[in-house]
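A short write-up of the structure that comes next.
The values are calculated or read from the model by the stated rules, or taken from the named source; none is laboratory data. Computed from a prediction, not measured in an experiment: that's the story for all the values here. All Cβ positions, glycine included, derive from the backbone under ideal geometry; neighbour counts span all protein chains shown. For the accessible areas, the whole protein counts, side chains as well, though only heavy atoms, and no ligand, DNA or RNA atoms are used. Shrake-Rupley method; radii C 1.70, N 1.55, O 1.52, S 1.80 Å.
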Amino acid sequence: MDAVHKHQSLYKGTTPPWKETYRRRCVDRLKNSRSRLLERYRQMGESQNLLAGTSIIVQEVMEDEWTALRSEDQRLPPLWGPEGTAEMFSVMKEHDELAVLEEIQQELMSQEMSIIEEYERNLSFEQQYISSVVEEMDETYIICPICHMRNLNINSDFISCHCGLYINTKEKNISPDVLLHLLESRVSEHTECCVHNPAFFVAPNIDCPPNLMMSCKVCDYLSIVL
């Protein structure tokens, strides 16, 4: 008796015992594949929108996890039989397991869309932040990343703000454009791995001038800006 027919004799009228294990593994793999998902999403191009009912990596996730699950239980049929998905679906439909697969697929597609929406919101925050700290005038004005209220005072010796921010920049050649580039780089770097808003602060040093730092309490991101 082949795997398909063996499967037909199992679990009649019951919830398949592999459901929760398979669902959990698929959810975990999708979460761990966030970077790959967003990279493919970016490669699709800004002009292309993800159509309703389609996905980017959900099918791939489900196939990989089903293969792993089947290696532990050879009684399960392959997702791709000689006749493609039709073979699998005919087996599953007879035991109401197709509905289980479709339920898991819909959950994964919903989570995939949530990841993309969070990325878009974070990207919007990044763009708004950059717009808020830069005003294209005769000179480049940068809003203080700590208080978000006043323009930074930037000269050849230091960067300061009335809120208390003070960074000694002697011999560092820190111009407004250089500082802007540093801020943009750190914000973009954080955006790649986290959807939450970062915060800036000044960290004192014993033997050298203090540093301007950027951190995130949610993902534990920490980086020196200047």
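Structure data summary
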item: Close pairs (8 angstrom Cβ cut-off, 6 or more residues apart or separate chains): in contact (Cβ under 8 Å) with a residue 60 or more places away in the chain and more than 11 Å from Glu112 (Cα to Cα) in the range 19-34, acidic (Asp, Glu) and surrounded by 12 or more Cβ atoms within 10 Å (Cβ to Cβ) anywhere; result: Tyr22/Glu65; Arg23/Glu107; Cys26/Glu65
item: Single residue of the range 177-192 satisfying the filter (modelled with pLDDT under 85 and either open to solvent by less than 40 Å² (accessible area, probe 1.4 Å) or in a loop (DSSP other than H, G, I, E, B) (or both)) that is farthest from Tyr166 (Cα to Cα); result: Glu192
item: Complete set of residues in the range 87-138 that are modelled with pLDDT of 75 or more, of a type in the set (S, T, N, Q) and closer than 30 Å to Pro16 by Cβ; result: Gln105, Gln106, Ser110, Gln111, Ser114
item: Subset tally (residues that are free of Cβ contacts under 8 Å to residues at least 40 places away in the same chain and either farther than 24 Å from Val187 by Cα or of a type in the set (Lys, Arg) (or both)) for the range 105-124; result: 2
item: Out of Val195, Val218, sole residue that is in a loop (DSSP other than H, G, I, E, B) and surrounded by 12 or more Cβ atoms within 10 Å (Cβ to Cβ); result: Val195
item: In the range 201-215, the residues that are open to solvent by 60 Å² or more (accessible area, probe 1.4 Å) and assigned to a strand (DSSP E or B); result: Phe201
